[in-house]
1. Using θ = phi - 60° and the Karplus form 6.51 cos²θ - 1.76 cosθ + 1.60, what ³J(HN,Hα) does each residue of segment 38-52 get, whole Hz, x for Gly and Pro?
2. Whole number in Å², please: accessible area per residue of segment 2-56, 1.4 Å probe, ligands, DNA and RNA not counted.
3. Within the accessible area of segment 1-59, what % is carbon and sulfur when the probe is 1.4 Å and the other protein chains stay in place?
4. Which of the chymotrypsin sites (Phe, Trp or Tyr not before Pro) across segment 7-42 are loop residues per DSSP, with 15 or fewer other Cβ within 10 Å?
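The values are calculated or read from the model by the stated rules, or taken from the named source; none is laboratory data. From a predicted model like this one, the values you see are computed outputs, not experimental measurements. A quick note on method: Cβ atoms are made from the backbone with ideal geometry, for glycine too, and the neighbour counts reach across all protein chains shown. Ligands, DNA and RNA are stripped out before the accessible areas are found, and what is left, the full protein with its side chains, is counted by its heavy atoms. Shrake-Rupley method; radii C 1.70, N 1.55, O 1.52, S 1.80 Å.
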Amino acid sequence: IYMEWNRVETNPPPEGKDLLVYTDDDKIRVCVYFKGRWNTYLKVTHWQHPPKGPQKIEEESKKRGRPKK
C-alpha cells in the first residue's frame with residue numbers, strides 16, 4: 001500500500017493522534033503532535049496517518065472439527 005507523505009510546513013498534522021513521521025536523519029517513527037510540538041527530539045519533516053491494522057478473523061480452531069448437533 002502506497003501512502004502519501006505530508007510536508008509539515010505546508011500541511012500541519014492533526015493534534016493528539018499517533019502518526020508515522022519521517023525525520024531529517026532518514027528515520028521513520030510513530031509520534032504525536034500536540035500543542036505545536038512533536039514528542040521527539042528529532043526534526044520531523046513529513047507525516048502520514050498510520051495504515052489500518054488487519055481485520056480480525058475468527059479463530060481457526062472454532063471452524064475445525066465436527067459441527068455441533
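1. For segment 38-52, the Karplus curve yields 8, 8, 8, 7, 6, 7, 7, 10, 9, 8, 7, 5, x, x, 5 Hz.
2. 79 Å²
3. 52 percent
4. Loop-located and lightly packed - 41.
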